[in-house]
Amino acid sequence: MLCGRRKRAPGREREVAAMANKLVAQAFFPIVYRLLEQAAICCSCLRQFPLIDAPFCHRCGRPMAGKREGVCGDCQRFGRDSLTQNRSLFTYNEWGKALISRFKYRGDERLAQLSGCLLSVAFYRYYADRRFQIIANVPLHRLRLEERGFNQTQKMTEILGKNIKVPVLPLLDRVKSTDKLSKTQGKAARFRSMKSAFRLNPEPFTRFQGRTVSVLLIDDIYTTGSTIRSCADTILYSGVVFPVEVCSLTLFR
Amino acid sequence: MRAYLLYVKEERGKAQSYITPCFEVDKLFWQQSDGGTLHILGSSTSLAIVFALREKINQHVRSRRLTPETLRQLRELAHASVKEASVLYGKEDGQQECGLPFQFTSEQAEREQAEAFAMTAEQIRAEAEDLRSRLQGRSLLWEELRYFLQQHAVVLEEVLPALQWLALANKLEWRPGICIGWRKGWWKHRLLLRCDRCGSSRVCKTECHTCGQACAFCTECLTMGRSKCCTPYICVPAQPSHRKATTAGEKLLRWDGRYTPWQAIAAERARRFVSADDNQAFLVWAVCGAGKTELLFPAMEQALSDGGQILLATPRKDVVLELLPRLKRVFPGCKVIAVHGSSAEKWEEGQIVIATTHQVLRYYRKFPLVIVDEVDAFPYHRNPMLHRAVERAVAEGGKRLYLSATPPAIMQRALVGSTNRKALVSATHVLLPQRYHGHPLPVPTIQKIPRLDGKLRNGDPLPLLRDPVALSLQQHRPIFVFVPYIEQVEVALAFLQRSIPDHARRMAGVYAADPERERKVQRFRRGEYGLLVTTTILERGVTIPFSDVVVVGADAPVFDEASLVQIAGRAGRSHDSPDGLVLFLCTRWTKAQRLALKQIRQMNRLARQMKEVDGYVD
Ligand SMILES: [Zn+2]
Ligand SMILES: [Zn+2]
Ligand SMILES: [Zn+2]
Ligand SMILES: [Zn+2]
């Protein structure tokens, strides 16, 4: 559907199995196999998945080809971090750009199904052994949402939530309508513009009184990490009294 | 969120309902014209819902006195209908449940709209006239309209009163992008969602944050922006007084080419159709390679000297780009513009407008003459969107001239009459069964090969495919190999390269999304490649008219009668090789293949008869 090829083609099962094998450990193979099998994706796209493979930074999930395992330079400089860790499934290459531009900018909401499915695959690849109490997606500003009509991240997060049976809750509001992220140049500028862009909605936490709450934050693309970190900051430092831990997962980076 | 108010106007015992995004303007307008009392029924952010309710209410309200009781009934009817729509919306195709229903409120409806409003009727009217002169002949979605006005330094939100004023004066139509309708069946009721722009009912339901309720968008015309239930689609008919005839006797056409006798007849027929008033549609049925563009010149000159604008619509962008310089050359005194997705002239005006299908959707009741060129439209032939777009783009009382190599049955019945015995001319059509060089169309050879797909994959020997292809390559005739699906491009290419190793390096495979596409097609044109394996959905730049053609898998459903005729028509177009190889390989015979063969033979028979009755004049 994305590239115009037919989904059903001879030998697809084999390709799907090979990819599922590459993605996850044996225990989660059946789930991931079924997810990929049902996804609207052809053999050729499946073969070209721009997967991020080990070694990658333990903290932010950046691929570190040729280096030894550990934490990348940026993360070491960053020091203490509100975000426990980030993981991303794919590098943001031409294929990813085609997917995002059709889904997000052209507004083809039918791609929510595929994106949500890939996001679930990413979950099983990186976070299958973790327990999360809440999933939250990076929100859009109200005006932007009204203009666009939908939030692509929310759409795919809902599908993830359904697949892994964890509630998707509206933890955050976007209060600052930041100018288009692609336009603001430079990392420092982006971090500044994202500061206090979000507001916490503490209501969902009340049902987990006292226990440690693990939150999984979802976004479509991890670029500099400023958006995700700003969300994590907001969750951690907005006067929530009980222990909270925030991890994030994105489709691309 | 913009809400649309539904109200009934009562005046001298007659009642009718109206929709408005700014009620104050309506109050002012009716005060200015005929007065009457306005009763508010309710409001919704979904234009489609309000639109559907207006139809319902209007059916109900006609010739009925409005009492407080009937008004209460009308509100009840509205609420019941919205509820029914919500239930039907949720029920259909079960797997996709939508939390949000449709919403329509009667309370607070007026207060929502009571914005500060300080304009006099004269101010609005002046603004409205100005707006109309800019928008006339266009049909635009809200966001396109915003962009269009931005070019003229106008902010859309500020001219909302003027837009509504034009709508009340019947000079503008304000429609929802997706229309909602109820279809009553004996078994179950259904909700109909249909795109008002392109006419498709391939819509995708969605919970929409623009209108905050159940919504849907069209997947068919998505590349032109999202047509939704809550998106206004603004259509402004052109002012009919726009024509002014040029000074008589002025020659607009500069062309010194020659027609064959039969081309001359056809061209004259088409010209007469344009000048006379009796018919609205005319079909030029010309086989591929009959030389059709020249046929249009007299008809176009006629229309231009009558003072009208001409729209030439074609499904393919490369045809647009190819026609532009030719028409500029032969009509040197006229402004000719090309309108396609990436053209800079998209929003300009011209005397001759050459546009792709999608762009035709943006015109409304504008052109006195619309020419639809579908002769070489393959693979975009028989596109229902094009015909709908054309119906809209033609001016009130205007004319449509169709050029086709494979007219659909409906058009044949309407304009040619009986489909079995075809007349060569009538008041509404002319048939050109002969190619310009006088040779017959090459008749396809159809070969049945059991398990064709598997044999290609396994690389089994297939002399029926290998030998004719090898011959074409040896004789240096460019050859197209069509396959029905993208993934077969690689398979067929690998097979051919393995079975004809001498020429393996002169073969290439290409498909629509191929990043190397342009380069490969260029090399094929230059003759560096002798063979190109391709799918039917190749978009542009791949009409190489003097080629041989092989279809591998001609029984696939993507190849219908029309596409097979058009594929066959690509072969043997030049004087020096009028025959050309046309080979269809399939695992079984299909109706499409049989009909295509029949049509090609019939055309050749007609051409022969025409030669025998030489100088066949009406
Ligand atoms: Zn694909
Ligand atoms: Zn890192
Ligand atoms: Zn449409
Ligand atoms: Zn909507």
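The values are calculated or read from the model by the stated rules, or taken from the named source; none is laboratory data. Remember, predicted model here, so these are calculated numbers, not experimental data. Ideal geometry is used to build each Cβ from the backbone, glycine not excepted, and the neighbour counts take in all protein chains shown.
Just checking, does the stretch B:453-473 include any residue being farther than 30 Å from B:GLU268 by Cβ, surrounded by fewer than 18 Cβ atoms within 10 Å (Cβ to Cβ) and either hydroxyl-bearing (Ser, Thr, Tyr) or under 37 Å from the mean Cα position of the chain (by Cα) (or both)? Looking for residues that are farther than 30 Å from B:GLU268 by Cβ, surrounded by fewer than 18 Cβ atoms within 10 Å (Cβ to Cβ) and either hydroxyl-bearing (Ser, Thr, Tyr) or under 37 Å from the mean Cα position of the chain (by Cα) (or both), one finds none in the stretch B:453-473, hence no. Has the stretch B:36-59 got any residue that is basic (Lys, Arg) and part of a helix (DSSP H, G or I)? Yes, the stretch B:36-59 has at least one match. Taking A:ARG5 as the residue in question, decide whether it is closer than 22 Å to A:GLY116 by Cβ and either more than 16 Å from ligand 3 (Cβ to nearest atom) or in contact (Cβ under 8 Å) with a residue 60 or more places away in the chain (or both). Judged against the criteria, A:ARG5 is a match.
Out of the residues in the stretch A:104-157 that are hydroxyl-bearing (Ser, Thr, Tyr) and not in a loop (DSSP other than H, G, I, E, B), state the one that is nearest to B:GLY212 (Cα to Cα).
In the first step, residues of the stretch A:104-157 are kept if they are hydroxyl-bearing (Ser, Thr, Tyr); the result is A:105, A:115, A:120, A:124, A:126-127, A:153, A:157.
Cutting the leftovers down to not in a loop (DSSP other than H, G, I, E, B) gives us A:105, A:115, A:120, A:124, A:126, A:153, A:157.
Values: A:TYR105: 20, A:SER115: 23, A:SER120: 28, A:TYR124: 33, A:TYR126: 35, A:THR153: 18, A:THR157: 19 Å.
Among them, the one singled out is A:THR153.
Among the residues making up the stretch A:28-70, those that are without any contact (Cβ under 8 Å) to a residue 24 or more places away in the chain and either assigned to a loop (DSSP other than H, G, I, E, B) or exposed (fewer than 15 other Cβ atoms within 10 Å of the Cβ) (or both) are A:PRO30, A:ARG34, A:ASP53, A:ALA54, A:PRO55, A:MET64, A:ALA65, A:GLY66, A:LYS67, A:ARG68, A:GLU69, A:GLY70. Counting only strands (runs of 3 or more DSSP E) that fall entirely inside the stretch B:145-242 and contain at least 1 residues that are of a type in the set (Ser, Thr, Tyr) and either crowded, with 20+ Cβ neighbours inside 10 Å or away from ligand 4 (no atom under 16 Å from the Cβ) (or both), the qualifying elements are B:203-207, B:232-236.
Within the stretch A:6-27, take every residue that is part of a helix (DSSP H, G or I) and of a type in the set (Gly, Ala, Ser) and give me the one that is farthest from the other protein chains (Cβ to nearest Cβ).
So the residue we want is A:ALA27.
Set side by side, the residues B:CYS195, B:CYS179, B:CYS229, B:CYS221 differ, and just one is touching a His at 6+ places or on another chain (Cβ under 9 Å), within 14 Å of ligand 3 (Cβ to nearest atom) and farther than 22 Å from B:GLY397 by Cα, which is B:CYS221. The single condition among (1) basic (Lys, Arg); (2) away from chain A (no Cβ under 14 Å); (3) more than 17 Å from B:GLU127 (Cα to Cα) that B:LYS171 does not meet is (3). Look at the stretch A:107-120: where a residue is more than 14 Å from every other protein chain (Cβ to nearest Cβ) and a partner is assigned to a loop (DSSP other than H, G, I, E, B), sitting 6+ places away or on another chain with Cβ atoms under 8 Å, you get A:CYS117/A:ALA39; A:LEU118/A:ALA39.
Can A:LYS7 be described as within 30 Å of B:ASN458 (Cα to Cα) and within 15 Å of ligand 1 (Cβ to nearest atom)? Yes. Each residue in the stretch B:311-353 was checked for being more than 25 Å from B:HIS152 (Cβ to Cβ) and outside any loop (DSSP other than H, G, I, E, B), and 17 pass.
If you go through the stretch A:92-103 and keep only what is in a loop (DSSP other than H, G, I, E, B) and within 15 Å of B:PRO515 (Cβ to Cβ), you end up with just A:ASN93.
Restricting attention to the stretch A:46-76 and to residues that are over 20 Å from A:LYS22 (Cβ atoms) and touching a Leu at 6+ places or on another chain (Cβ under 9 Å), the residue that is nearest to ligand 4 (Cβ to nearest atom) turns out to be A:CYS60.
For the stretch B:323-350, name all the residues that are closer than 11 Å to B:LEU311 by Cβ, touching a residue at least 40 places away in the same chain (Cβ under 8 Å) and surrounded by 19 or more Cβ atoms within 10 Å (Cβ to Cβ). Result: no residue meets the conditions.
Is the stretch B:417-424 home to any residue that is modelled with pLDDT of 85 or more and either touching a strand residue (DSSP E or B) at 6+ places or on another chain (Cβ under 7 Å) or not assigned by TED's automatic domain parsing to the domain that holds B:GLN602 (or both)? For the stretch B:417-424, residues modelled with pLDDT of 85 or more and either touching a strand residue (DSSP E or B) at 6+ places or on another chain (Cβ under 7 Å) or not assigned by TED's automatic domain parsing to the domain that holds B:GLN602 (or both): absent. Annotation: A:ASN93 fulfils all but one of (1) surrounded by 14 or more Cβ atoms within 10 Å (Cβ to Cβ); (2) out of contact with any strand residue (DSSP E or B) (no Cβ under 8 Å at 6 or more places or on another chain); (3) within 17 Å of A:ILE221 (Cα to Cα); the unmet one is (1). The residues of the stretch A:191-215 that are in contact (Cβ under 8 Å) with a residue 60 or more places away in the chain, in a strand (DSSP E or B) and either touching a Leu at 6+ places or on another chain (Cβ under 6 Å) or not hydrophobic (A, V, I, L, M, F, W, C) (or both) amount to a single one, A:SER214. Do we have B:LYS171 as at pLDDT 90 or above, out of contact with any Phe, Trp or Tyr (no Cβ under 7 Å at 6 or more places or on another chain) and either over 22 Å from B:LEU77 (Cβ atoms) or away from ligand 3 (no atom under 14 Å from the Cβ) (or both) here? Answer is yes for this residue. Being away from ligand 1 (no atom under 16 Å from the Cβ), under 20 Å from A:ARG106 (Cβ atoms), touching a residue at least 24 places away in the same chain (Cβ under 8 Å) and of a type in the set (Val, Ile, Thr): is that true of B:THR223 here? Yes, satisfied.
Quick one: would you say A:GLN85 is within 12 Å of chain B (Cβ to nearest Cβ) and either surrounded by fewer than 17 Cβ atoms within 10 Å (Cβ to Cβ) or in contact (Cβ under 8 Å) with a residue 60 or more places away in the chain (or both)? Answer is no for this residue.
For the stretch A:167-182, the condition holds for at least one residue, the condition being that it is within 14 Å of another protein chain (Cβ to nearest Cβ), of a type in the set (Val, Ile, Thr), part of a strand (DSSP E or B) and in contact with a helix residue (DSSP H, G or I) (Cβ under 8 Å, 6 or more places away or on another chain). Among the candidates B:ARG183, B:ARG146, B:ARG138, the residue that is within 14 Å of chain A (Cβ to nearest Cβ) and either at negative phi or in contact with a Ser or Thr (Cβ under 9 Å, 6 or more places away or on another chain) (or both) is uniquely B:ARG146.
Is it true that some residue in the stretch A:30-38 is closer than 20 Å to A:PHE103 by Cα and within 14 Å of chain B (Cβ to nearest Cβ)? Yes, some residue in the stretch A:30-38 is closer than 20 Å to A:PHE103 by Cα and within 14 Å of chain B (Cβ to nearest Cβ).
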